[in-house]
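Presented below is the structure to which this report refers.
The values are calculated or read from the model by the stated rules, or taken from the named source; none is laboratory data. Everything numeric in this text was worked out from a predicted model, so none of it was measured. Here the Cβ positions follow ideal geometry from the backbone for every residue, glycine too, while neighbour counts run over all protein chains shown. These accessible areas exclude ligands, DNA and RNA; they are computed on the full protein's heavy atoms, side chains included. Shrake-Rupley method; radii C 1.70, N 1.55, O 1.52, S 1.80 Å.
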Amino acid sequence: MTQGSSQEQQPGTGTGPGRRAVLGAAALGAGGAALGLSGTARAADGQRTDGGHRHLPVPAVVAHRGASGYRPEHTFGAYQLALDMGAHVIEQDLVPTKDGHLVCRHENDITGTTDVADHPEFAGRKTTKTVDGGELTGWFTEDFTLAELKTLRAVERIPGTRQHNTLYNGRWTVPTFEEVLRWADREGKRRGRKVWLHVETKHPSYFRGLGLGLEERLARLLRRYGRHKKNSPTFLQSFEPSSMERMARLVGTPRVVLLWTLDDRPWDFVEAGDPRTVADLITPEGLKWIASYAQGIGPLVDLIIPKNADGSLGTPTTLVRDAHAKNLVLHPYTMRNENRFLPTEFRRGTDPNAYGDAFGAFQRYFETGIDGIFTDNPDTGLLAAADFVKR
């Protein structure tokens, strides 16, 4: 998940936590390895939390592309570590191959997340494309069959920031979403609880234009593995609202609309000539429209707490309160431990790649009453959630 430019956004409304903080007493049942607690999440009243999405711990910790702060993103190494740490939900981004398989990559441009550049047999596949209005040069999943893609190995996407992750370069292949579903089923049976997934359709209008529509393929897989019902342990998400509208007609699985900056227009809006921006979608009227086909929103953290000119956190907006009034859950993105991604008041020292006071930043976001948050560092998020619900 990350809309717009390739630059990763820093983490950034609402009133206090209220009833959701009370529910947050569950935050720690699924904390497993990270917190030394039971591996089965339970709500404050002792009920199991592996039913519908309203029974997830609050605040829920969503492992952003897996435990991507410690392993190359969207690999089984990152997914397994996130689950072992106790993450409540684990995210996948989906893009298609040339022969129509759904694979887990942050983008269809795999130049920076695989070793494709080291494969001379694929040198001729390097090309320039325009995706959602932006020009990109590299290698793209839609130009590879699954068999070809499986000859590549995953690598760390931001090695300058996470040099330690490069230790694992080449260890894992690019997973298919079906492989993830099988893994989640196995792990769920082994642990005695459902493994929750947060699944994003990437660039759905672009791929539909190539004859590689994501939604129907995704729906077939969800039905095959029993994740197509309203209480299924899966969220679907997209930056294109029409993708979630389409999914609403195909499956009952809970749906989330992702939101970028205030001035951003979702690409499906651009193609359809719809003048609305994210600023329009986070008004009460816009949220009511989202609630007609989705169960939640995934806003950029800056939509929850805008930043001041110096990069410090400002005054929370009313977005949490307004979304909750429409019965929408909020899973903002993305919290990371490194100084470069933290609001300025939580940075420590001068090294942008060193860890800052991530715990302090988590607390500020949790105080707004959000239902969960995406993080590259699930263990940090779980400990922060434990601190928060004890207050």
- Query: Which is closer than 25 Å to residue 69 by Cα and outside any loop (DSSP other than H, G, I, E, B), of 373, 290?
  - Reply: 373
- Query: Listed residues 344, 380, 315; which is within 24 Å of residue 70 (Cα to Cα) and open to solvent by 20 Å² or more (accessible area, probe 1.4 Å)?
  - Reply: 344
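Hey, could you check segment 264-273 for residues that are touching a helix residue (DSSP H, G or I) at 6+ places or on another chain (Cβ under 7 Å) and either within 21 Å of residue 330 (Cβ to Cβ) or of a type in the set (D, E, K, R) (or both) and say which is surrounded by the most Cβ atoms within 10 Å (Cβ to Cβ)?
If we take residues in segment 264-273 being touching a helix residue (DSSP H, G or I) at 6+ places or on another chain (Cβ under 7 Å) and either within 21 Å of residue 330 (Cβ to Cβ) or of a type in the set (D, E, K, R) (or both), then 266 is surrounded by the most Cβ atoms within 10 Å (Cβ to Cβ).
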- Give the residue that is nearest to residue 89 (Cα to Cα), with candidates limited to residues of segment 332-365 that are part of a helix (DSSP H, G or I) and among the hydrophobic types (A, V, I, L, M, F, W, C). 362
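Looking only at strands (runs of 3 or more DSSP E) that fall completely inside segment 75-155, which ones have 1 or more residues that are surrounded by 22 or more Cβ atoms within 10 Å (Cβ to Cβ)? Step through it out loud before you land on a result.
Numbers: elements: 89-96, 102-104, 127-131, 134-138.
Qualifying strands (runs of 3 or more DSSP E): 89-96, 102-104.
Please determine whether any residue of segment 230-241 is closer than 19 Å to residue 297 by Cα and open to solvent by 40 Å² or more (accessible area, probe 1.4 Å).
Just the residues of segment 230-241 that are closer than 19 Å to residue 297 by Cα, to begin with: 230-241.
From the residues that got through so far, the ones that are open to solvent by 40 Å² or more (accessible area, probe 1.4 Å) too are 230-231.
Yes, segment 230-241 has at least one match.
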- Message: Take the residues in segment 156-170 that are out of contact with any helix residue (DSSP H, G or I) (no Cβ under 6 Å at 6 or more places or on another chain) and charged (D, E, K, R); name whichever of them is most open to solvent (accessible area, probe 1.4 Å).
- Response: 157
- Got a sec? Which of 327, 339 is at pLDDT 95 or above, more than 20 Å from the chain's Cα centre (by Cα) and open to solvent by less than 20 Å² (accessible area, probe 1.4 Å)? 339
